[in-house]
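Structure, as structure tokens:
The values are calculated or read from the model by the stated rules, or taken from the named source; none is laboratory data. Fair warning: this is a prediction, and the values are worked out from it, not measured in the lab. Every residue, glycine as well, gets a Cβ built from its backbone with ideal geometry; the counts of neighbours run over all protein chains shown.
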Amino acid sequence: MADPKVDHLEAELRWRLRHFLSDNALKKAGRQFLLRKLREWRWPAVLFGGTLRDISVHGPWARLRDVDLVVGGVSGDVLLAALGPYVRRKTRFGGLNLNIDGHVFDVWSLESTWAFREFPVILKGDFADLPRSTFLTVEAIAVELNTDLGQPRRFFHHRFFESILSRVVELNFPENPFPQLSVVRSFVTAQKLGFSIGPALSRYIAYFGKRSSPEELYSVQLSHYAYPFFSVGELARLLEIVSTHNRWHPGTAVRIPSRRQLCLFRDPEGFQDQAAEWSRPPGLPADDHRRNTDWLRGARPTSRAQRDWLTAR
């Protein structure tokens with residue numbers, strides 16, 4: 001049975017996507033150029049992943065880090081020949097990173113999708129299965145670009161709208177060749193959206209977090225984003241929060257601190273208080289949770305500044 005809330009979100013995303021694709025502002029000329037070329041070449045293509053997530057959450061005029069496009073019916077060599085003048089580099093998954101008049105695109109052929117190549121038995125390798133190949137549920141959506149006049153765009157999604165409604169970032173397809181990067185991306189995505197981290201994803205983070213030092217994660221973060229969203233100490237704190245939550249509240253989502261809260265809690269002695277508080281599941285009174293996690297704090301009381309901040313949120 002269809003969920004009316006999901007139907008409403010999909011209808012809203014259609015409206016936002018229509019405005020996104022029809023935005024002819026001069027500063028969007030690079031985006032319009034590539035979309036026009038894809039229509040001229042009549043290549044089947046979809047918008048995919050984080051692009052649609054940001055449009056769904058922040059609106060059609062959101063500032064996008066890049067635009068993800070997947071093209072069907074052509075090989076990677078054909079894409080490279082057609083888009084060669086705009087290619088900055090090849091991505092680690094075999095796609096092309098383009099820069100057209102200041103607009104950044106990640107473009108790859110459907111057949112070169114990593115999950116399709118590595119798991120052909122599980123995934124069929126078509127546009128409908130593309131959302132099942134993403135690491136996170138908040139990226140598990142693809143929308144058809146080049147449609148015939150009067151035909152509605154086809155939406156392909158897998159747990160995407162449910163994740164947006166529940167405000168929880170969850171694990172979608174766990175197989176991934178870069179687990180350290182996946183841990184960092186999970187923290188960045190959850191904090192940017194203000195979402196909680198789901199139980200399956202928190203177990204993944206805890207498992208690979210034990211096998212990676214915060215310094216290694218920091219290095220991976222710089223390599224991928226070229227910007228330090230988190231310091232080494234902040235990554236250590238986030239890993240401890242997730243680990244503590246998994247130990248005492250398995251099967252529930254975990255909330256992570258915002259940027260402002262991470263900046264507030266810088267003293268290492270007070271960190272165990274933060275880990276205990278942030279592992280509190282939704283609905284459990286704070287006083288009850290504090291009594292259950294007294295072992296984390298020992299005899300040292302929580303500072304007044306921390307108490308005021310946590311109760312104010």
**Study point:** Selection count where residues are surrounded by 21 or more Cβ atoms within 10 Å (Cβ to Cβ) and closer than 20 Å to residue 173 by Cβ, scope the stretch 205-241
**Key:** 2
Review point. Has the stretch 70-77 got at least one residue that is at pLDDT 90 or above, in a strand (DSSP E or B) and closer than 19 Å to residue 131 by Cβ?
Key: yes
Exercise for review: Considering only the stretch 204-221, state which residues are under 15 Å from residue 135 (Cβ atoms) and hydroxyl-bearing (Ser, Thr, Tyr).
Suggested key: 204, 207
Exercise for review: Pick out the one residue from 104, 87 that is of a type outside the set (S, T, N, Q), in contact (Cβ under 8 Å) with a residue 12 or more places away in the chain, surrounded by 14 or more Cβ atoms within 10 Å (Cβ to Cβ) and in the same structural domain as residue 157 (by TED's automatic domain parsing).
Suggested key: 104
Review point. Identify, please: which residue in the stretch 57-69 is among the hydrophobic types (A, V, I, L, M, F, W, C) and part of a strand (DSSP E or B) and is, among those, farthest from residue 30 (Cα to Cα)?
Key: 69
Check your understanding: Among (1) surrounded by fewer than 18 Cβ atoms within 10 Å (Cβ to Cβ); (2) not assigned by TED's automatic domain parsing to the domain that holds residue 118, which single condition is residue 162 missing?
Key -> (2)
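A quick yes/no check of all residues on (1) out of contact with any helix residue (DSSP H, G or I) (no Cβ under 9 Å at 6 or more places or on another chain); (2) acidic (Asp, Glu); (3) modelled with pLDDT of 95 or more; (4) farther than 26 Å from residue 162 by Cβ:
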{"position": "200", "(1), (2), (3), (4)": "yes, no, yes, no"}
{"position": "212", "(1), (2), (3), (4)": "no, no, no, yes"}
{"position": "247", "(1), (2), (3), (4)": "no, no, no, yes"}
{"position": "281", "(1), (2), (3), (4)": "no, no, no, no"}
{"position": "292", "(1), (2), (3), (4)": "no, no, no, yes"}
{"position": "296", "(1), (2), (3), (4)": "no, no, no, yes"}
Exercise for review: Hey, could you check the stretch 179-203 for residues that are closer than 16 Å to residue 240 by Cβ and part of a helix (DSSP H, G or I) and say which is farthest from the chain's Cα centre (by Cα)?
Suggested key: 203
**Study point:** Residue ID - surrounded by the most Cβ atoms within 10 Å (Cβ to Cβ), chosen from residues in the stretch 8-56 that are part of a helix (DSSP H, G or I) and either touching a helix residue (DSSP H, G or I) at 6+ places or on another chain (Cβ under 6 Å) or not assigned by TED's automatic domain parsing to the domain that holds residue 136 (or both)
**Key:** 53
Point to revise | Unmet criterion (only one of (1) more than 24 Å from residue 65 (Cβ to Cβ); (2) of a type in the set (A, V, I, L, M, F, W, C); (3) buried (at least 21 other Cβ atoms within 10 Å of the Cβ); (4) at pLDDT 95 or above) for residue 190 | key: (1)
Check your understanding: Within the set of pairs 6+ apart or on separate chains, which have a first residue in the stretch 124-141 that is in the same structural domain as residue 71 (by TED's automatic domain parsing) and of a type in the set (Val, Ile, Thr), a second that is surrounded by fewer than 18 Cβ atoms within 10 Å (Cβ to Cβ) and outside any loop (DSSP other than H, G, I, E, B), and C-beta atoms under 8 Å apart?
Key -> 137/162
Check your understanding: Mind checking which residues of the stretch 57-71 are over 16 Å from residue 93 (Cα atoms) and touching a residue at least 12 places away in the same chain (Cβ under 8 Å)?
Key -> 57, 59, 60, 61, 64, 65
